[in-house]
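The structure appears below as structure tokens.
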Amino acid sequence: MKRAWRRFSSSSSSSVRVAVFSQRAYMMKTQVEPMLAEFPGSRGLPVRLSRETAGLAEGCNAVCAFVNDDLSESTVERLADVGIGCIAMRCAGYDRVDLEAANRCGVIVTRVPAYSPYAVAEHSIALCLTLNRQLIKASERVRGGNYTLSGLVGFDMFGKTVGLIGTGKIGRCAASIYRGMGCKVIAFDSRPSKEAMAMGVEYVDFVDLLKESQIISLHCPLNEETKHLVNKNTIKLMRDNVVLINVSRGGLINTLDVIDALDSRKIGALGIDVYEYEANTFFEDLSVETDENPGASLPRGWDKTLGSLATRPNVVVTPHVAFLTAEALSSIAQTTILNLKEFARGGPYTNQVLLPKAA
Ligand code: NAD
């Protein structure tokens, strides 16, 4: 295997050529065009990054990747083989990047730690209110000429107890909105925030949060410690009819355990923007008819578990869109360009992702 890492003597952006993977129409103006203008010779690629597609980056020395791109060991090695020295993630999470492999191959990994925490927090509240006030059911009724009210009773947000797991940038924005609605906000985080406490957030231990909250919203990263944080044992501790919101990462929830809890009404409503197995489906239009799927009544690669969730009246699933505001897209592009310019200079890096032991 070739060692990819090369230091640039030039400090000019022109020394960097980026392959922008998972390019989609929504990001052309705000992200792809600014990147191509800043780094001439770069290219946008509409395919997902994986071991099979990594070779398309040949001729470039950096890749720009998104949340569901596959950056496992074999992809990283393949990228290093074709001369890639930097993986610039255009998102905050990096749970799909094999950092050991990147470190071994001398590939720098950067990310965008903050862009618009408001966008993500606001979406989490939108999910909660949509479920509580049954906006989808009510709107579908009106569309069909049914103007009855039975089955649409919600609850006042005022005075309810909201439990936030994680009070970083996004959790704190969510706390501020829930406090504005008159909710009591309790939180669990190993690093309590003074800013959150000043807003009136009360820190409790994990078990108390599960027992006391009427709404639980997840705002922590996915890692070995937090994987399946919501599972059949932790669900048992929750209040009956709890509303569960997850806009962080799908793997925080054991999906099958949550489906059982929805069946038994232990969980009253579920709002998710992220799904444990989303890499196989999200960001693709699988509904279109293709040669392999002619006249199909089911989308390609139909995911029964996702289908079982998405068709429930007390579940709302959105396809990882919480970040998707114009402000967030521009901010992500600006930081990614800064990260790539630092790569052009050979560092130092503002937003490098280091191996935990080296961090
Ligand atoms: P952040 O780093 O500012 O905050 C994360 C917080 O979680 C920190 O305060 C940390 O101490 C806490 N934490 C870590 N482990 C914990 C644990 N075991 N229990 C409780 N708290 C724990 O991150 P952020 O910007 O607030 O983002 C949070 C997550 O949101 C990201 O990791 C990412 O996965 C997700 N996210 C999703 C979208 C989307 O579009 N759906 C967009 C951006 C970020």
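Values for this structure:
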{"item": "Single residue of Ser287, Ser297, Ser248 found to be of a type outside the set (Lys, Arg), assigned to a loop (DSSP other than H, G, I, E, B) and either within 16 Å of the ligand (Cβ to nearest atom) or in contact with a Ser or Thr (Cβ under 8 Å, 6 or more places away or on another chain) (or both)", "result": "Ser248"}
{"item": "Among (1) surrounded by fewer than 18 Cβ atoms within 10 Å (Cβ to Cβ); (2) at pLDDT 95 or above; (3) at negative phi, the one test that Gly59 misses", "result": "(3)"}
{"item": "Arg104 basic (Lys, Arg), assigned to a helix (DSSP H, G or I) and crowded, with 19+ Cβ neighbours inside 10 Å", "result": "no"}
{"item": "Residue that is nearest to the ligand (Cβ to nearest atom), among those in the stretch 166-207 that are small (Gly, Ala, Ser) and within 17 Å of Val247 (Cβ to Cβ)", "result": "Gly168"}
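Every residue, every condition in (1) touching a helix residue (DSSP H, G or I) at 6+ places or on another chain (Cβ under 6 Å); (2) acidic (Asp, Glu), yes or no:
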{"residue": "Cys128", "(1), (2)": "no, no"}
{"residue": "Gln134", "(1), (2)": "no, no"}
{"residue": "Lys137", "(1), (2)": "no, no"}
{"residue": "Glu140", "(1), (2)": "no, yes"}
{"residue": "Asn146", "(1), (2)": "no, no"}
{"residue": "Gly154", "(1), (2)": "yes, no"}
{"residue": "Gly159", "(1), (2)": "no, no"}
{"residue": "Met181", "(1), (2)": "no, no"}
{"residue": "Lys184", "(1), (2)": "no, no"}
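The values are calculated or read from the model by the stated rules, or taken from the named source; none is laboratory data. Since we're looking at a predicted model, the values are computed, not measured. Please note: Cβ atoms are built from the backbone with ideal geometry, for glycine as well, and neighbour counts cover all protein chains shown.
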